[in-house]
Amino acid sequence: MSQDQADGDAGEVEGFAEFSGWRALREHRGEAAWLRRLARSFFDPDHTAALQSMSVIDNGLDPSARQTIYDKGGWVTHMLRQRLGDEAFDAACRQFLDQFRFRTATAADVEAVFAAATQQDLAPFFAAWVRGNDSIDLA
């Protein structure tokens, strides 16, 4: 564990891991199983913390941290994929993995690589969903 992961960024890392599991579920069990999993993992933005504020220590000590780290983290990654589109999201993921394989990365690293790979300003998205915790109408 890096100091960054102890201080924060666990939500971003675990969100990508959770999202990867959702993609595998969709591939191997089908659309209906994937949609059921998404529904079970939905989160209430009014009852979760900012992703970047969560650490592995929070995950171990606070039972309510799971909703932020895994559920919100997975959904934020899912929403990022929806915003970018599958092709651009997958290309950015490959670039990120190539750049940070066997290294520690922070939420800022994720934002920088994805913004560069897609040539998009992702600061508002990351400010709202990763660094912030404003009440957002998900309807």
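Looking at segment 54-101 only, could you name the residues that are of a type in the set (S, T, N, Q), open to solvent by 40 Å² or more (accessible area, probe 1.4 Å) and modelled with pLDDT under 80? Lay out the reasoning, then the answer.
Looking only at segment 54-101, we keep the residues that are of a type in the set (S, T, N, Q), and these are 55, 59, 64, 67-68, 77, 82, 95, 99.
Subset that is open to solvent by 40 Å² or more (accessible area, probe 1.4 Å): 59, 64, 67, 82, 95, 99.
Scanning segment 54-101 gives ASN59, SER64.
Do you know which of the residues in segment 76-89 that are without any contact (Cβ under 8 Å) to a residue 40 or more places away in the chain and part of a helix (DSSP H, G or I) is farthest from GLN52 (Cα to Cα)? So that I can check it myself, show each step before the final result.
Residues of segment 76-89 without any contact (Cβ under 8 Å) to a residue 40 or more places away in the chain: 82, 84-89.
Subset that is part of a helix (DSSP H, G or I): 82, 84, 86-89.
Numbers: GLN82: 21, LEU84: 21, ASP86: 24, GLU87: 26, ALA88: 24, PHE89: 21 Å.
By that ranking, first place goes to GLU87.
Residue by residue through segment 90-121, note down the ones that are without any contact (Cβ under 8 Å) to a residue 24 or more places away in the chain and in contact with a helix residue (DSSP H, G or I) (Cβ under 7 Å, 6 or more places away or on another chain).
GLN95, PHE96, GLN99, PHE100, ASP109, GLU111, VAL113, ASP121
Return yes when ALA105 is modelled with pLDDT under 90, closer than 20 Å to ALA17 by Cβ, assigned to a loop (DSSP other than H, G, I, E, B) and among the hydrophobic types (A, V, I, L, M, F, W, C) and no when it is not.
Judged against the criteria, ALA105 is a match.
Report the residue count in segment 102-130 for those that are open to solvent by less than 60 Å² (accessible area, probe 1.4 Å), more than 13 Å from the chain's Cα centre (by Cα) and hydroxyl-bearing (Ser, Thr, Tyr).
Of the residues in that region, 1 qualify.
So which residues in segment 38-65 are more than 17 Å from GLY132 (Cα to Cα) and within 16 Å of the chain's Cα centre (by Cα)?
LEU38, SER41, PHE42, VAL56, ASN59
Please count how many residues of segment 23-73 are assigned to a loop (DSSP other than H, G, I, E, B) and in contact with a Lys or Arg (Cβ under 8 Å, 6 or more places away or on another chain). Let's see the steps before the verdict.
Taking segment 23-73 as the starting set, the residues that turn out to be assigned to a loop (DSSP other than H, G, I, E, B) are 30, 41-44, 48-50, 54-55, 62-64.
After this cut, where a residue has to be in contact with a Lys or Arg (Cβ under 8 Å, 6 or more places away or on another chain) as well, the list is 43, 48, 50.
Looking only at that region, the number is 3.
Hey, could you check segment 18-53 for residues that are of a type in the set (A, V, I, L, M, F, W, C) and in contact (Cβ under 8 Å) with a residue 40 or more places away in the chain and say which is most open to solvent (accessible area, probe 1.4 Å)? Explain how you work it out, then say what you get.
Initial filter on segment 18-53 (of a type in the set (A, V, I, L, M, F, W, C)): 19, 22, 24-25, 32-35, 38-39, 42-43, 49-51.
Applying the additional criterion that residues be in contact (Cβ under 8 Å) with a residue 40 or more places away in the chain yields 19, 22, 38, 49-51.
Numbers: PHE19: 10, TRP22: 7, LEU38: 11, ALA49: 35, ALA50: 15, LEU51: 2 Å².
Filtering segment 18-53 for residues that are of a type in the set (A, V, I, L, M, F, W, C) and in contact (Cβ under 8 Å) with a residue 40 or more places away in the chain, the one most open to solvent (accessible area, probe 1.4 Å) comes out as ALA49.
The values are calculated or read from the model by the stated rules, or taken from the named source; none is laboratory data. What you see is a predicted model; the values in this text were computed from it and never measured. Counting neighbours? That spans all protein chains shown, and the Cβs are built from the backbone with ideal geometry, glycine included. All accessible areas refer to the heavy atoms of the entire protein, side chains included, with ligands and DNA or RNA removed. Shrake-Rupley method; radii C 1.70, N 1.55, O 1.52, S 1.80 Å.
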